[in-house]
Amino acid sequence: MDKMIINGGKKLKGEVTISGSKNATLPIQVATLLTDAECTLLNVPLLRDINTMNDVLKAIGMNVKGKKDNFAYQAKGTLKNMAPYDLVKTMRASVLVVGPLLARLGEAKVALPGGCAIGLRPINIHLDGFKKLGAKVEIRKGYVTLKAKKLVGNRITLDFPSVGATENLMMAAVLAEGRTVIDNAAREPEIVDLADFLNTLGAQVTGAGTGMITVKGVKELGGGTHAVIPDRIETGTFMVASAITGGDIRIKNARLDHLTALAEKLKSTGVEIEEQDGTILVDGSPKIKPVEVETMPYPGFPTDMQAQMMSLMCITPGTSIFKETIFENRFMHVGELQRMGADIVLKGNIAFVNGVKSLSGAQVMATDLRASAALILAGLVAKGETEISRIYHLDRGYEQIETKLAKLGAKIKRIKE
Ligand code: UD1
């Protein structure tokens with residue numbers, strides 16, 4: 001298993017280019033199942049999760065070709081209605097194939113994704129929505145099977161604005177008969193990107209990005225080409241990297257309008273942020289102030305940035321407060337940050353972070369994707385050497401993070417084992 005070694009204390013300077021969004025690409029990859037015409041995706045990030053989804057689609061019978069950040073997909077010929085357990089268990093987002101398979105084949109069978117490191121993550125909201133569209137749902141021996149001779153549009157009110165459920169239902173509704181309205185829909189930029197892609201193929205989706213999405217079903221979709229939006233969480237992670245090292249970096253191929261809540265928080269701490277022609281300039285301040293953060297569905301503060309923001313607050317004088325409202329168990333980075341000298345007190349879903357003068361390098365372990373990013377950020381500013389093990393989590397969601405950070409002046413290297 002690879003390790004990352006970081007020697008802290010370097011101010012980051014220079015320019016970094018953000019990759020395409022992982023969380024936008026995954027549902028769009030899956031949405032190519034909805035048509036037998038060829039679809040081309042551009043700005044695809046080279047990540048383990050994206051490869052896993054390609055493997056899921058190949059197992060279903062799709063033709064997937066591509067190199068670098070450019071992939072072509074075609075779902076022609078005989079397709080299987082099933083996503084195998086050995087792939088689904090490695091990536092929860094595989095459950096997104098249910099919507100398109102149900103719409104295209106009238107049947108979908110997927111292994112239940114089960115819990116994951118950051119929480120239980122059930123799929124009840126997805127299943128309730130499919131039932132509203134006319135599907136029969138059966139759960140047996142760890143698999144969920146959905147069947148519908150035809151899907152019929154309906155009004156679906158989500159109990160919670162789940163990102164995955166909104167995407168899954170939107171994809172199914174595209175080929176359903178009549179009109180579907182998804183109320184209390186998730187409003188994340190990745191939902192808007194999926195709707196844009198579906199509309200490129202000939203779908204009729206309106207309202208994406210608001211709490212009410214309307215889908216007018218069509219008989220069939222064609223092909224098309226789509227460039228995926230930049231990854232807002234990778235962008236945010238580099239913004240914090242500049243802030244935590246007191247650096248001065250320019251972030252290219254990024255969308256600040258997708259990161260308003262994070263930018264507002266960083267500005268309130270004293271970090272200077274500006275946008276010029278699609279480039280974000282982040283100038284870390286020597287005097288950062290503590291903050292209160294409560295994670296919320298978009299446009300609130302993203303749960304996927306909570307861990308990274310906490311690393312910054314570990315070395316900020318005063319007490320910062322983090323309330324995690326999206327996932328039950330998303331504080332696994334806390335124990336590892338404490339090993340580096342952080343003063344953090346956990347009470348249920350709230351973390352009180354008392355800023356310390358400095359962190360010190362230590363051997364730590366990555367536990368999930370964003371927790372790994374938090375440890376990298378802490379390592380960038382800690383005194384001495386930090387060794388992070390289990391960094392395969394990082395490769396799920398950050399494209400060449402060590403190469404990008406090294407170009408900005410960080411002392412970071414990957415040790416292959
Ligand atoms: C997506 C993102 C993930 C991000 C999360 C919240 C992808 C591939 N992943 O995950 O990075 O952290 O949004 O912004 O885009 N829930 C239920 N029942 C359901 C569905 C969800 O109880 O049927 C709960 C989950 O357990 C969780 C919360 O709702 O506590 C949010 O989940 P959801 O918005 O669905 O997140 P994902 O789509 O899994």
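Things worth noting here:
- Computed over the stretch 1-111: relative contact order in percent, which uses C-alpha pairs under 8 Å that are six or more apart: 25
- Total formal charge among the other residues, if their Cβ is under 11 angstrom from that of K407, Lys/Arg +1 and Asp/Glu -1: 0
- Cβ charges +1 (Lys, Arg) and -1 (Asp, Glu), total dipole of the stretch 52-156, debye: 280
- Sites R179 and Q276, calculated FRET efficiency, Cβ-Cβ separation with R0 35 Å, nearest 0.05: 0.25
- Here the Kirkwood formula, the inverse mean of 1/r across different C-alpha pairs, assigns the stretch 90-186 a hydrodynamic radius of 13.2 Å.
- Estimated distance in nm for a label pair at K68 and E328, the labels positioned 7 Å out from Cα along Cα-to-Cβ: 4.5
- Local electrostatic count, E272, Cβ distance below 11 Å [Lys/Arg +1, Asp/Glu -1]: -2
- The stretch 352-389 and the stretch 1-78: distance between their alpha carbon centers, rounded to Å: 28
- Mean separation of Cα contacts under 8 Å, 6 or more apart, over the residue count of the chain: relative contact order %: 21
- Carbon plus sulfur fraction of accessible area for the stretch 22-227, probe 1.4 Å, in percent: 49
- With 20 Å as the limit, the listed pairs K58/K132; K10/K407; K22/K141 have K58/K132; K22/K141 beyond it between alpha carbons.
- Orientation-averaged projected area, Cα convex hull of the stretch 181-271 (nm²): 7.0
- Kirkwood hydrodynamic radius (C-alpha pairs) into Stokes-Einstein, the stretch 181-226, 10 °C and 1.306 mPa s, D in µm²/s: 148
- Computed log₁₀ I(q)/I(0) - Debye formula, equal Cα scatterers, no solvent, the stretch 22-227, q 0.13 Å⁻¹: -0.62
- Rounded to the nearest 10 degrees, the inclination of helix 22-31 to the longest alpha-carbon principal axis of the chain is 10 degrees.
- Among beta bridges that DSSP assigns inside the stretch 22-227, antiparallel share in %, nearest 5: 70
- Spin-label model, T260 to K357: label points 7 Å out along the Cα-to-beta-carbon direction sit 4.2 nm apart.
- Note on the stretch 146-304: Rg/Rh from Cα positions, Kirkwood definition for Rh, rounded to two decimals, is 1.09.
- Within-13-Å neighbourhood charge of T206 [Cβ basis; K, R +1; D, E -1]: +1
- Computed with a 1.4 Å probe over protein heavy atoms only, the accessible surface of the stretch 22-227 comes to 41 Å² per residue.
- Normalised size of the stretch 1-57, defined as Cα radius of gyration per 2.2 N^0.38 Å with N residues, equals 1.62.
- Maximal additional length on extending the Y143-T225 stretch stands at 26.2 nm, based on 0.36 nm per residue less the C-alpha distance.
- Pairs of Cα atoms farther than 35 Å apart, the chain, %: 28
- The stretch 370-414 - Kirkwood radius from inverse mean 1/r over Cα pairs (Å): 10.8
- Taken over the stretch 265-417, the convex hull of the Cα atoms encloses 123 Å³ per residue.
- Fraction of antiparallel bridges per DSSP, the chain only, in percent to nearest 5: 70
- Gaussian network model of the chain, springs between alpha carbon atoms under 10 Å - residue of M170, M296, M309 with greatest fluctuation: M296
- Entries in K13/K413; K65/K89; K68/K411; K13/K89; K289/K323 that, when Cα-Cα distance is taken, lie over 29 Å: K13/K89
- Assigned charges on the beta-carbon of Lys, Arg, Asp, Glu; the stretch 22-227 dipole about Cα centre (debye): 600
- Within a straight-line Cα-Cα reach of under 16 Å, K219 can be paired with the following lysines, leaving aside sequence neighbours fewer than 8 residues apart in one chain: K149, K150.
- Contact order normalised by residue count of the stretch 22-227, Cα under 8 Å, 6+ apart, percent: 20
- Helix-derived mean residue ellipticity, 222 nm - over the chain, DSSP H n ≥ 4, -39500 (n - 2.57), to 500: -9500 deg cm²/dmol
- FRET efficiency for T157 and T200, using Cβ-Cβ distance with R0 set to 35 Å, rounded to 0.05: 0.80
- Packing, as the average of other Cβ atoms within 10 Å across residues, places the peptides 278-291, 370-383 in the order 370-383, 278-291, highest first.
- Here the 3J(HN,Hα) profile of the stretch 365-370, calculated from phi with Karplus coefficients 6.51, -1.76 and 1.60 at θ = phi - 60°, is 10, 6, 10, 8, 4, 6 Hz, Gly and Pro shown as x.
The values are calculated or read from the model by the stated rules, or taken from the named source; none is laboratory data. Bear in mind the structure is a predicted one, so any value in this text is a computation, not a measurement. Cβ: placed from backbone, ideal geometry, glycine included. Neighbour counts: every protein chain shown. Each accessible area value is taken on the protein alone, full model and side chains, heavy atoms only, with ligands, DNA and RNA left out. Shrake-Rupley method; radii C 1.70, N 1.55, O 1.52, S 1.80 Å.
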